[in-house]
Structures are given as structure tokens and as C-alpha cells.
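Asks: Have a look at this one.
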Amino acid sequence: MVSRQGSKMNVRIGLRIRSVRLSSGLTIQELGAKLGISYQQVQKYETGSNRVSAEMLWRIAAVFEFPVSYFYGGGDAEARSTGCVLDDARSLAVARAMGRIGSVKTREAVAHLVDALGA
């Protein structure tokens, strides 16, 4: 029986959606607007309390230009090669901090710095 909080796969997909959203600097409201759904629905997807349909997952992947397989865990190698995996707490904290930078220009400058350091 699936728990009320969602299955492990729903939670895993939701965490990946959240990590990609944070790394891109989008707010939950902005992602909802891009998808034509409420921010509350995005939040339910991210927590795994609602299952993401195949069509919605395809739309989410298109927003971020990621392969759908990444969200299922099958795209790990692809994501690592592009530096987009946020599986540890420190990486997630950095992504959150990036999202809080108000200036787009400053956020881009920090992203370029991180890219240079990771090269």
C-alpha cells in the first residue's frame, strides 16, 4: 500500500523537480506559471504528495531542457556530465542561495564564476 505522503518514486521525482527548479533560479510560482498550474500544485509535485503525470513530467522537462529520464533517475550520467545533480545538502543550499539573489545580472555573474571554477 502506498503511504499517504506518496510513494518513494513520487518523492524522488518531486525532489529532482525541486532541485532543478532551484538550480535554475525559478520560484515555485514562476514554474507554475510556465506550466499553467498553481504554485500549490507544483508544491504537491515537489513533495511527492501528488503523482506527476507523464504529460506533465514531459512539460516540466521541456521547461528545464532536461531529458525526462533524469527525473526517473535514469539520466544521472547525463546530468553529472552537465553538472546539474543536486543530491547533497550543500549543493541544494547553494542553489537556494542563488535563487535568493535578486539581481539577474549578479546571479549570472555568480553562475559564470562557478562555471569557471568547475572547469
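Values in this text are rule-based calculations from the coordinates and carry no lab data. Predicted, not measured: the structure shown is a model, and the values here were computed from it. Glycine also receives a Cβ, built like all others from the backbone with ideal geometry; neighbour counts cover every protein chain displayed.
Asks: Would you list Lys8, Lys34 from fewest to most Cβ contacts within 10 Å?
Replies: Result, fewest neighbours first: Lys8, Lys34.
Asks: List the lysines whose Cα sits under 19 Å from the Cα of Lys44, skipping any in the same chain fewer than 8 residues away.
Replies: List returned: Lys8, Lys34.
Asks: Using the beta-carbon distance between Ser49 and Val94 and R0 = 22 Å, what value does 1/(1 + (r/R0)^6) give for FRET efficiency, to the nearest 0.05?
Replies: Rounded to the nearest 0.05, the efficiency is 0.25.
Asks: Calculate the dipole size of segment 5-69 relative to its Cα centre from +1 charges on Lys and Arg beta carbons and -1 charges on Asp and Glu beta carbons; express the result in debye to the nearest 20.
Replies: Computed about the Cα centre, the dipole is about 220 debye.
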